[in-house]
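Trainee: Got a structure for you, written out below as structure tokens; questions coming shortly.
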Amino acid sequence: MKKTTSRRTVLKGIGAAIAAPAILRHTQAYAANPKIKVGFVSPKTGPLAGFAEADDFVLKGVQAALAGGVENNGKTYDIEIISKDSQSNPNRAAEVAADLILGDEVNLMVAASTPDTTNPVADQCEVNEVPCITTDCPWQPYFFGRNGNPAEGFEYTYHFFWGLEDVIANFLALWDSAGVSKTVAGIFPNDADGNAWGDAKLGLPPPLKENGYNLIDPGRYQPLNDDFSSFISAFKEAGCEIVTGNMIPPDFATFWSQAAQQDFKPKVVTIGKALLFPSVIDSLGDRGDGLTSEIWWSPNHPFTSSLTNESAKTLADGFTAETGRPWTQPIGFKHALFEVVKNVVSRTEDLEDPSAMVKAIAETNMSTIVGKVDWSQGPMKNVTKTPLVAGQWQKQGDKMELVITTNSQAPEIPVGGELKLLG
């Protein structure tokens, strides 16, 4: 068969080091139901592990919600989720995706958390003709980072999240309200995200210029850099009062510490990726107070799960109650992945036919805990967007809270406070 042949072809190019899968199963008293296998790839370890902090919690809830199976054409199908760690490494992500496809023979793949995981997983699925749904990555690094052709798109791989145009609009709304100098320090790593955000044509530079902002971009740095002195010097010399970019947490911690040492004191710092997580903010101590970021999901988002009927607040509070840790933004999108899984499985005309499942994915139009997922409304084939707002970490009592301070791009999501300048 064509599919088996392509899987074997890919296996030849994959290294032998394959991680043993963590398998979540629901065992019924009567093992009579047919089974749908779903592969799930996420960075549980490595520098991107913050994105997967809530994976165990989300998968536990999903497992309970799917315990009775999914109805399709008069039959009940059990859902088996096989979870693997990309280790925050694109090569590893490709390896474990290939293992799920070739070894476990999954029917459907889902993956999340930055192009380092979503792109290699989606590429393996595209080659092997396996339906795939991804999230937690701006659509431009996902689509163009995979050399996507807007005129053709992809056949088997679909993505839902916001785009760089949305994050730029939110950042501009933040900065316009701040009333500070329009000279912006840009700090972008030499990776898929950083190159997309800093791209001279498709990234931040054109809209910043159009809105009267002067972007100071000294060039790309290598991830896990230990010396940002040359960047800081350039930013100080230009009189930058705003800092923006896209960094992994260790890189931002290094940069922000060296900025203090070298007396660089911007009034607004708005960084994608690194400032999403409470654990990162807590590690910065008082210097975490006032930092700003995009906000993809929060307990205040007015959306409900189609899988459990939980509100965003109920889901977030459940995580805190079970773990003792603050909610994190990826909770909503990891949960939403499996909302889409259930919806697609229930609507696929022939679950043994990957093309039929792809057709069901493309025809998805549903409300989830992160908003609407509707691939007919995408900016291009294979992509649909979810709403985005932005806000600030503000100290409230003895802890930091992520407060929504601008909702100009998604007015249905309520604002919780006003932007404060850094001291």
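Trainee: Step by step: first the residues of segment 335-351, then only those that are touching a residue at least 60 places away in the same chain (Cβ under 8 Å) and under 21 Å from Ala54 (Cβ atoms), then the one that is surrounded by the fewest Cβ atoms within 10 Å (Cβ to Cβ). Which residue is that?
Mentor: By that ranking, first place goes to Lys342.
Trainee: Moving on to the next point. Scanning for something part of a helix (DSSP H, G or I) and under 30 Å from Glu418 (Cβ atoms), does segment 141-162 turn up at least one residue?
Mentor: no
Trainee: Could you say which residue among Ala185, Ala196 is buried (at least 22 other Cβ atoms within 10 Å of the Cβ), within 18 Å of Met380 (Cβ to Cβ) and in the same structural domain as Ser229 (by TED's automatic domain parsing)?
Mentor: Details: Ala185 fails: within 18 Å of Met380 (Cβ to Cβ).
Of the residues listed, the single one that is buried (at least 22 other Cβ atoms within 10 Å of the Cβ), within 18 Å of Met380 (Cβ to Cβ) and in the same structural domain as Ser229 (by TED's automatic domain parsing) is Ala196.
Trainee: Could you tell me whether Ala253 is touching a residue at least 24 places away in the same chain (Cβ under 8 Å) and either within 19 Å of Leu421 (Cα to Cα) or assigned to a strand (DSSP E or B) (or both)? Give the derivation first.
Mentor: Details: touching a residue at least 24 places away in the same chain (Cβ under 8 Å): yes; either within 19 Å of Leu421 (Cα to Cα) or assigned to a strand (DSSP E or B) (or both): no.
Here the answer is no, as Ala253 does not meet what is asked.
Trainee: So which residues in segment 232-244 are out of contact with any Pro (no Cβ under 7 Å at 6 or more places or on another chain), without any contact (Cβ under 8 Å) to a residue 60 or more places away in the chain and either over 23 Å from Gly290 (Cα atoms) or not in a helix (DSSP H, G or I) (or both)?
Mentor: Step one: filter segment 232-244 for residues out of contact with any Pro (no Cβ under 7 Å at 6 or more places or on another chain), giving 232-233, 235-239, 244.
This time we only want the ones that are without any contact (Cβ under 8 Å) to a residue 60 or more places away in the chain, so: 232-233, 235-239.
Those that are out of contact with any Pro (no Cβ under 7 Å at 6 or more places or on another chain), without any contact (Cβ under 8 Å) to a residue 60 or more places away in the chain and either over 23 Å from Gly290 (Cα atoms) or not in a helix (DSSP H, G or I) (or both): Glu237, Gly239.
Trainee: Turning to a different aspect of this structure: For segment 334-355, how many residues meet the condition of being basic (Lys, Arg) and within 16 Å of Tyr77 (Cα to Cα)? If you could, list the steps in order and put the result at the bottom.
Mentor: Here is the first cut: in segment 334-355, the residues basic (Lys, Arg) are 334, 342, 347.
After this cut, where a residue has to be within 16 Å of Tyr77 (Cα to Cα) as well, the list is 342, 347.
Looking only at that region, the number is 2.
Trainee: Any residue in segment 220-231 that is in the same structural domain as Trp256 (by TED's automatic domain parsing) sitting within a Cβ distance under 6 Å of a residue that is in a loop (DSSP other than H, G, I, E, B)? List the pairs, counting only those 6 or more apart or interchain.
Mentor: From residues that are in the same structural domain as Trp256 (by TED's automatic domain parsing), the pairs are Arg220/Asn190; Gln222/Asn190; Pro223/Asp191; Phe231/Pro218.
Trainee: Considering each residue of segment 373-389, count those that are buried (at least 22 other Cβ atoms within 10 Å of the Cβ), aliphatic (A, V, I, L, M) and either within 14 Å of Tyr142 (Cβ to Cβ) or out of contact with any strand residue (DSSP E or B) (no Cβ under 8 Å at 6 or more places or on another chain) (or both), and give that number.
Mentor: Residues that pass the stated criteria total 1.
Trainee: Which one is farthest from Asn309 (Cα to Cα), of the residues in segment 380-407 that are part of a loop (DSSP other than H, G, I, E, B) and at pLDDT 95 or above? Lay out the reasoning, then the answer.
Mentor: In the first step, residues of segment 380-407 are kept if they are part of a loop (DSSP other than H, G, I, E, B); the result is 381-382, 385-388, 397-398, 407.
The next check asks that each one be at pLDDT 95 or above; those that pass are 382, 385-388, 407.
Values: Asn382: 27, Lys385: 22, Thr386: 19, Pro387: 20, Leu388: 22, Asn407: 25 Å.
Per the criteria, the residue is Asn382.
Trainee: Quick one: which helices (runs of 4 or more DSSP H) lie wholly within segment 1-116 and hold at least 2 residues that are modelled with pLDDT under 95? Step through it out loud before you land on a result.
Mentor: Details: elements: 2-12, 55-65, 90-102.
Fully inside segment 1-116 and qualifying: 2-12.
Trainee: Right, another one. Restricted to segment 303-327, and to residues that are touching a Gly at 6+ places or on another chain (Cβ under 7 Å) and surrounded by fewer than 23 Cβ atoms within 10 Å (Cβ to Cβ), which residue is farthest from Leu388 (Cα to Cα)?
Mentor: Thr308
Trainee: Of the residues in segment 182-202, how many are under 16 Å from Val243 (Cβ atoms), in contact (Cβ under 8 Å) with a residue 60 or more places away in the chain and part of a loop (DSSP other than H, G, I, E, B)?
Mentor: Pass one, segment 182-202, residues under 16 Å from Val243 (Cβ atoms): 182-189, 194, 197-198.
Then drop every residue that is not in contact (Cβ under 8 Å) with a residue 60 or more places away in the chain, which leaves 182, 184-185, 187, 189, 197.
After this cut, where a residue has to be part of a loop (DSSP other than H, G, I, E, B) as well, the list is 182.
Within segment 182-202, residues that are under 16 Å from Val243 (Cβ atoms), in contact (Cβ under 8 Å) with a residue 60 or more places away in the chain and part of a loop (DSSP other than H, G, I, E, B) number 1.
Trainee: Here's another thing I want to ask about it. Scan segment 311-324 and report the pairs whose first residue is aromatic (Phe, Trp, Tyr) and whose second residue is assigned to a helix (DSSP H, G or I), with Cβ atoms within less than 6 Å and a gap of 6+ or a chain change.
Mentor: Between residues of segment 311-324 that are aromatic (Phe, Trp, Tyr) and residues that are assigned to a helix (DSSP H, G or I), the close pairs are Phe319/Phe57; Phe319/Ile331.
Trainee: Can you pull out every residue in segment 207-222 that is surrounded by 16 or more Cβ atoms within 10 Å (Cβ to Cβ) and either in a loop (DSSP other than H, G, I, E, B) or aliphatic (A, V, I, L, M) (or both)?
Mentor: Correct list: Leu208, Tyr213, Leu215, Ile216, Asp217, Pro218.
Trainee: Next question, about the same structure. Between Ala112, Ala97, which is within 19 Å of Lys334 (Cα to Cα), assigned by TED's automatic domain parsing to the domain that holds Trp139 and free of Cβ contacts under 8 Å to residues at least 60 places away in the same chain? Reasoning before the result, please.
Mentor: Numbers: Ala112 fails: free of Cβ contacts under 8 Å to residues at least 60 places away in the same chain.
After ruling out the rest, the residue left standing is Ala97.
The values are calculated or read from the model by the stated rules, or taken from the named source; none is laboratory data. Here the structure is a predicted model, which is why all the values come from computation and not from measurement. As a convention, Cβ positions derive from the backbone with ideal geometry for all residues, glycine included, and neighbour counts pool all protein chains shown.
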